[in-house]
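**Student:** Below: one structure in structure tokens.
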Amino acid sequence: MKISEIAEFINGKLVGAGDVEIFRVAALETARANEISFLEKTEFAEQAARTKAACVFVPENFDAPVPYPFIRVVNPKLAFAQIAEKLHPFNWRTENNHKTAVIDSPLEDILANFIGAFVTIGKNCIVGEGAQILSGARIGNNVSIGKNSIVQANCVIYDDVSIGHDCVIHAGTVIGTDGFGFVRDGERGYVKFPQIGTVVIEDDVEIGANSCIDRGALGETRIGAGTKIDNLVQIAHNVRIGKRVVIAAQTGISGSTVIEDDCVIGGQVGMGDHAVVKSGAIIGSQAGVLPGKIVRAGVWWGTPVQPLDEYKRQNAHLKGIGRLKEEVKELKKQAADSAEKNQS
Amino acid sequence: MKISEIAEFINGKLVGAGDVEIFRVAALETARANEISFLEKTEFAEQAARTKAACVFVPENFDAPVPYPFIRVVNPKLAFAQIAEKLHPFNWRTENNHKTAVIDSPLEDILANFIGAFVTIGKNCIVGEGAQILSGARIGNNVSIGKNSIVQANCVIYDDVSIGHDCVIHAGTVIGTDGFGFVRDGERGYVKFPQIGTVVIEDDVEIGANSCIDRGALGETRIGAGTKIDNLVQIAHNVRIGKRVVIAAQTGISGSTVIEDDCVIGGQVGMGDHAVVKSGAIIGSQAGVLPGKIVRAGVWWGTPVQPLDEYKRQNAHLKGIGRLKEEVKELKKQAADSAEKNQS
Amino acid sequence: MKISEIAEFINGKLVGAGDVEIFRVAALETARANEISFLEKTEFAEQAARTKAACVFVPENFDAPVPYPFIRVVNPKLAFAQIAEKLHPFNWRTENNHKTAVIDSPLEDILANFIGAFVTIGKNCIVGEGAQILSGARIGNNVSIGKNSIVQANCVIYDDVSIGHDCVIHAGTVIGTDGFGFVRDGERGYVKFPQIGTVVIEDDVEIGANSCIDRGALGETRIGAGTKIDNLVQIAHNVRIGKRVVIAAQTGISGSTVIEDDCVIGGQVGMGDHAVVKSGAIIGSQAGVLPGKIVRAGVWWGTPVQPLDEYKRQNAHLKGIGRLKEEVKELKKQAADSAEKNQS
């Protein structure tokens, strides 16, 4: 794409020549000829002065004298991400269905534009146009995968799972495994509570590598449209996650918990079962949410979670305990002295 | 199964007609014709009034006027789980050994009733009758897998591991990988301590998806009969886990730690090495057990773990620090005032 | 190897006969004929008295009358580990490249001495001499793997990743997956920030099972030579880890964080983004490092991390709050009594 085409595509205001061809995005420090970069804030303009990028997305109030064309936009980082999607599309494998795959569904239902080597697809599956199933992925029976979705290498999708359009499931992730529910039968041990529900992944969801999403026990586990989940995340049976939720790595969410739209959950967070995280809540990394807890909108921290303000105040109090102890010691001494004086 | 057959199988007392055929289990809210459900406690009877289930397991003291047959049992949830096992058996793949598998053991030792596509089985392995090895699973050399056990898709079982009867190993789980032990060799870095032991999984064990169980360094790592382990759990070398232990997701257990029979361990718990968790202990989620710690029977919480009562008392104290600080401030002011008064 | 050869190889001082052949290493308690063991400290000599090992590595000051030959060395555990590497080499699969593998790179660039069944290798890859790629491993395009490195079963190596010599990547681990970076686009949700960098794993690195290492967003993620990483560890985009670092299981490291040489990181540690852990730091299990934090050399503990001494002092203070509360109560009572007395 030429610089002028990029400016038009992104709806920004080009200052300088627009005829150079751009092949890649790059960071300001490493960008070279034919690469475009971005300056997040005008205050960082010194970085922009030194770059060798062919063109830079800049904030609307940027006005430094630089020797290269730039494009003024409302949100330079967003513009950069949007143009990166155009310049670096996912490397669609263009070969036809690989001859080593074992597909037990009617081929007219498997419209994917790439099926990798050694893929297995069970019975009664539907795979949409433009989808890619990479090598070694396992697709059970009665699975549907939407248009343009990518199931990366060695993923395992159990029976009856539904995945929407434009999703990305990274390598090694397991969707639809049995939930963890057992009923104690006295001395004899545990009987499995039935885990016969499903998982529904809505459109435009991305799930990192080696994560696990359990099927509903009797109902469904659901991940809302536009939600992004990192690596090694655990989502238990019957969890419902809303739209545009972000969940960082190694977080675990117990059974039947609900996370409403537009929440942001840090890494290594643990949530007990039947909790409700209300729309707009932000939960810091390593926090712990007790079973049944309702977490309102706002920023939360710690175990058990408390509002960030309270957490900070509490932490300051804790830091002060040593001094408090000294003060009490001093008061006791004074009281003893004064009692002695009174007696004498 | 007819309702009357179910009542007999479960040894419950049927009230109402027993001739309707039951095909599935379902929750009270979603159950329809030909489905059976359960009412956990008589107090929740309102739920039972509205259900459209064909039949409901109820507590023994249940006596509400409902328009459908019900079965009185000691533990309705257990009865429900037991009948679910009958109505929803694991979907045994019925095809013969798949022709794409690569099996280096004598076929007379591989009695499994299903071997999925692209499975690999090494030398000197034994797989019992009724077992299923799903597609893409990797079985090393000298591995034994008992009767009716299921090794799900893309699991990796390293050499020399022994798995008992009636086990379920979910997708992506790795058993028998090297323990994490190294000896520092001065400036030159680390030399691996030998990790040449084994893993023994006893009968009726279930292990979730993407979990890891390390082989013993010199001896064995052992998981006792009837134990249930969730997804993304880490079990280090030489750990010994007793019978009927439950371990929730993302918990990690360091080397040589012992967990005795009938313990319940929450999610995201971390245990240091050489700890001992005595039979009957319950450890709350996100707790931390220090190396070498002995955890007695009872309920434990927090990092480092303390008895739940102490944890709660301590937490209440912590909440009160702000007030304590105010009180000390006030006392200091009083003491200063009184000192001033005495001087004047 | 004969005992005398072992003593020479390890540069130790043999006391006793050196002609017995040693086949295996073993623990003192379980060792039998033709096995060698080690005594870590002279104080534990009672263990050494009872062993049935054919030979034992002992500390240099060991001088007990035992009925078997022993070898005095500076560090018996290290000697044991070093000889175990000789006696128990990784079980190199000796077959030729397996005929079921799908290799899209020129075969003259794939020098590995073993390629397992159903392996896939993309375009433009290089695999060094003596390397082994076990069954079901997925190697993307433009990947290089050094000499004598082992990529275990069902690993997934994404495009453009570089792995050095003598590395071990355990089963199910994913290297080069997309980093977790998104830019919010108002109501419409998230646009992916480009994740088009690489991962470089230097020589002699070991990575446990089911771990995840993200590619750099624009630059690289790098793991230094001699570093050892356990199972289920998460390493985010653009992280730089130095040489000879040890990271225990289930730890997660956020984007752009730097861990310098010779650090030791416990299990279940969480690190925020852009933190710096200086060379020689030791961080205890379950600790939390805040984003941007600089952690100096020394031992650190807790969330947020503090020097171990401070952590212990603080913890002692916390334990004492209940008493402190009692003391303040008593002081208030005294003050009230004394005020009353003064008034009367």
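**Student:** Determine the distance separating the Cα centre of segment C:94-172 from the Cα centre of segment B:278-344; give it in Å without decimals.
**Tutor:** If we compute the Cα centre of each part, the gap is 55 Å.
**Student:** I've got another one for you. Report the residue, chosen from A:H88, A:H170, A:H237, that carries the largest GNM mean-square fluctuation when chain A is represented by alpha-carbon nodes joined by springs under 10 Å.
**Tutor:** In this elastic network of chain A, the residue with the biggest mean-square fluctuation among A:H88, A:H170, A:H237 is A:H88.
**Student:** Sequence-distant or interchain residues sharing an amide H contact under 5 Å with A:I22, placed H: which?
**Tutor:** Amide H to amide H, under 5 Å and 5 or more residues apart or across chains, A:I22 pairs with A:K2, A:I3.
**Student:** While we're here: When Cβ neighbours within 10 Å are restricted to other protein chains, what is their mean count per residue of peptide A:126-136?
**Tutor:** Rounded to a whole number, the mean comes out at 3.
**Student:** Rounded to whole Å, give me the distance from the Cα center of segment B:1-55 to that of segment A:48-87.
**Tutor:** With segment B:1-55 and segment A:48-87 each reduced to a Cα centre, they are spaced 65 Å.
**Student:** Defining a contact as two alpha carbons under 8 Å apart and six or more residues distant in sequence, what relative contact order in percent does chain B show?
**Tutor:** 6
**Student:** Per residue of segment B:210-218, what does 6.51 cos²θ - 1.76 cosθ + 1.60 with θ = phi - 60° give for ³J(HN,Hα)? Whole Hz please, x for Gly and Pro, Karplus curve as stated.
**Tutor:** In residue order, the calculated couplings are 6, 8, 9, 10, 7, 6, x, 5, 10 Hz.
**Student:** One decimal, nm, shortest first: give the distances between the label point of A:D337 and those of the same position in the other copies, each label point 7 Å from Cα along Cα→Cβ.
**Tutor:** Shortest to longest, the spacings are 2.0, 2.0 nm.
**Student:** Can you compute the charge dipole magnitude of the protein assembly as shown about its Cα centre, using +1 on each Lys and Arg Cβ and -1 on each Asp and Glu Cβ, nothing else charged? Give it in debye, rounded to the nearest 20.
**Tutor:** That gives a dipole near 2500 debye.
**Student:** While we're here: Based on the alpha-carbon gyration tensor of the protein assembly as shown and its eigenvalue square roots a ≥ b ≥ c, which shape applies: rounded if a/c is under 1.5, prolate if not and a/b is larger than b/c, or oblate?
**Tutor:** Since a/c stays below 1.5, the shape of the protein assembly as shown is classed as rounded.
**Student:** Short version: ³J(HN,Hα) in whole Hz for each residue of segment B:274-280, in order, from phi by Karplus 6.51 cos²θ - 1.76 cosθ + 1.60 (θ = phi - 60°), x for Gly and Pro, what are they?
**Tutor:** For segment B:274-280, the Karplus curve yields 6, 7, 10, 9, 6, 3, x Hz.
**Student:** When only C-alpha pairs under 8 Å and at least 6 residues apart count, what is the relative contact order of segment C:3-87, in percent?
**Tutor:** That works out to 30 percent.
**Student:** Something else about it: Which value at 222 nm does chain C reach when only helices count, each DSSP H run of 4 or more adding -39,500 (n - 2.57), with the total divided by all residues and rounded to the nearest 500 deg cm²/dmol?
**Tutor:** Estimated from H runs of four or more residues: -5500 deg cm²/dmol.
**Student:** Moving on to the next point. Averaged over its residues, how many other protein chain Cβ atoms are within 10 Å of peptide A:10-23's Cβ atoms?
**Tutor:** Values: counts 0, 0, 0, 0, 0, 0, 0, 0, 0, 0, 0, 0, 0, 0.
Partner Cβ neighbours, averaged per residue: 0.
**Student:** In addition: May I ask you to evaluate 6.51 cos²θ - 1.76 cosθ + 1.60, the Karplus curve with θ = phi - 60°, for each residue of segment B:281-287 and list the ³J(HN,Hα) values in order in whole Hz, giving x for glycine and proline?
**Tutor:** So the J values, rounded to whole Hz, are 6, 10, 10, x, 4, 6, 5.
**Student:** Also: At B:P291, with labels set 7 Å past Cα in the Cβ direction, how many nm apart are the copies from this one, shortest first?
**Tutor:** Ordered by distance, the counterparts are at 3.3, 3.3 nm.
**Student:** Also, I was wondering about something else. Could you tell me which trypsin sites (Lys or Arg not before Pro) in segment B:14-58 are loop residues by DSSP with no more than 16 other beta carbons within 10 angstrom of their beta carbon?
**Tutor:** The qualifying sites are B:R32, B:K41, B:K52.
**Student:** Quantify how strongly other chains surround peptide C:196-208 by giving the mean number of their Cβ atoms within 10 Å of each of its Cβ atoms.
**Tutor:** 2
**Student:** Shape call for chain C from the C-alpha gyration tensor, a ≥ b ≥ c root eigenvalues: rounded (a/c under 1.5), prolate (a/b greater than b/c) or oblate?
**Tutor:** oblate
**Student:** Please list, or write none, the lysines whose alpha carbon is within less than 22 Å of the alpha carbon of B:K13, excluding same-chain residues fewer than 8 places away.
**Tutor:** List returned: B:K2, B:K41, B:K52, B:K77, B:K86.
**Student:** Follow-up. Given label points at 7 Å from Cα along Cα→Cβ, what nm distances, shortest first, separate B:E310 from the same residue in every other copy?
**Tutor:** The projected label point of B:E310 is separated from its counterparts by 2.6, 2.6 nm.
**Student:** Taking a ≥ b ≥ c as the square roots of the Cα gyration tensor eigenvalues, with a/c under 1.5 meaning rounded and otherwise prolate when a/b beats b/c, else oblate, which class fits segment A:3-87?
**Tutor:** Since a/c stays below 1.5, the shape of segment A:3-87 is classed as rounded.
**Student:** Provide the percentage of antiparallel DSSP beta bridges, counting only those with both residues in chain C; round to the nearest 5.
**Tutor:** Antiparallel bridges: around 10 percent, rounded to the nearest 5.
**Student:** Quick one: which residues, 5 or more positions from A:F57 or on another chain, have an amide H under 5 Å from its amide H? H modelled 1.01 Å from N in the peptide plane, none for Pro or chain starts.
**Tutor:** When sequence neighbours closer than 5 places are left aside, the close amide H contacts are A:S37, A:F38, A:L39, A:I71.
**Student:** Can you list residues whose amide H is under 5 Å from B:S285's amide H, if they're 5+ apart or on another chain and H is modeled 1.01 Å from N?
**Tutor:** Here B:G266, B:G267 satisfy the definition.
Read-outs: derived from the displayed coordinates by stated rules, not from any lab. From a predicted model like this one, the values you see are computed outputs, not experimental measurements. Here Cβ is always computed from backbone atoms with ideal geometry, including for glycine, and neighbour counts include all displayed protein chains.
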